[in-house]
Amino acid sequence: MVDRLSRVYNLIGIAQRAGLTSSGATAVRASLTKRQARVVLMSRDIADNSRDALIKSCSKNKIPWFIIGDKFKLGASLGKAHRVAMTINDSGMASAIMKAIQAADNEAKSMGVVEWPR
């Protein structure tokens with residue numbers, strides 16, 4: 001069975017190689033503070049306090065956010081160890097990733113949470 005999010009993970013890898021990402025909870029907070037982030041992606045196993053702080057910051061800055069996969073798949077798509085959160089800092093790549101997420105599940109929200117089955 002092919003993972004429904006494989007296109008999303010491929011786009012994340014391309015964005016990482018192009019230098020268009022920030023990964024890790026601390027780097028994501030910095031990217032949001034500097035208003036560089038265009039979309040925030042979090043793993044479903046992120047700590048509750050970290051998730052709530054990132055969601056609050058996203059809402060304040062009107063940045064779309066999604067919860068996809070687990071920290072190991074998110075980290076592997078970046079070519080790094082596990083990562084619980086990341087940002088895409090380019091509007092074109094963010095748009096492509098959001099379209100890929102919506103294509104994977106037509107019920108994805110443009111602003112809000114999308115949880116994928118295990």
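Looking at (1) part of a helix (DSSP H, G or I); (2) among the β-branched types (Val, Ile, Thr); (3) over 16 Å from Ser91 (Cα atoms), can you tell me which one Ile12 breaks?
Evaluating Ile12 over (1) part of a helix (DSSP H, G or I); (2) among the β-branched types (Val, Ile, Thr); (3) over 16 Å from Ser91 (Cα atoms) leaves (3) as the failure.
Just for segment 15-29: of the residues that are in a helix (DSSP H, G or I) and not hydroxyl-bearing (Ser, Thr, Tyr), which one is farthest from Ile68 (Cα to Cα)?
The residue in question is Arg17.
Only residues that are touching a residue at least 12 places away in the same chain (Cβ under 8 Å), assigned to a loop (DSSP other than H, G, I, E, B) and more than 9 Å from Val39 (Cβ to Cβ): list them for segment 63-81, please.
Ile68, Gly69, Asp70, Gly79, Lys80 - these are the residues of segment 63-81 that are touching a residue at least 12 places away in the same chain (Cβ under 8 Å), assigned to a loop (DSSP other than H, G, I, E, B) and more than 9 Å from Val39 (Cβ to Cβ).
Just name the residue that is surrounded by the most Cβ atoms within 10 Å (Cβ to Cβ) out of those in segment 1-21 that are touching a helix residue (DSSP H, G or I) at 6+ places or on another chain (Cβ under 9 Å) and farther than 16 Å from Lys73 by Cα.
The qualifying residue surrounded by the most Cβ atoms within 10 Å (Cβ to Cβ) is Leu20.
Taking the condition of a type in the set (Asp, Glu), touching a Phe, Trp or Tyr at 6+ places or on another chain (Cβ under 9 Å) and either modelled with pLDDT under 90 or surrounded by 14 or more Cβ atoms within 10 Å (Cβ to Cβ) (or both), does Asp90 pass?
No.
With the condition kept exactly as written, say whether any residue in segment 30-44 is within 17 Å of Ile97 (Cβ to Cβ), within 13 Å of the chain's Cα centre (by Cα), in a helix (DSSP H, G or I) and not charged (D, E, K, R).
There is at least one residue in segment 30-44 that is within 17 Å of Ile97 (Cβ to Cβ), within 13 Å of the chain's Cα centre (by Cα), in a helix (DSSP H, G or I) and not charged (D, E, K, R).
Which residue, of Arg17, Arg4, is at pLDDT below 90 and basic (Lys, Arg)?
Being at pLDDT below 90 and basic (Lys, Arg) holds for just one of Arg17, Arg4, which is Arg4.
Just the residues that are surrounded by fewer than 19 Cβ atoms within 10 Å (Cβ to Cβ) and part of a helix (DSSP H, G or I), please, taken from segment 45-56.
Asp48, Asn49, Ser50, Asp52, Ala53, Ile55, Lys56
Ser59 - would you say it is assigned to a loop (DSSP other than H, G, I, E, B), modelled with pLDDT under 95, exposed (fewer than 14 other Cβ atoms within 10 Å of the Cβ) and not β-branched (Val, Ile, Thr)?
It is false that Ser59 is assigned to a loop (DSSP other than H, G, I, E, B), modelled with pLDDT under 95, exposed (fewer than 14 other Cβ atoms within 10 Å of the Cβ) and not β-branched (Val, Ile, Thr).
The values are calculated or read from the model by the stated rules, or taken from the named source; none is laboratory data. Everything quoted here is computed from the prediction, not taken from an experiment. No Cβ is skipped: glycine too gets one built from the backbone with ideal geometry, and neighbour counts run over all protein chains shown.
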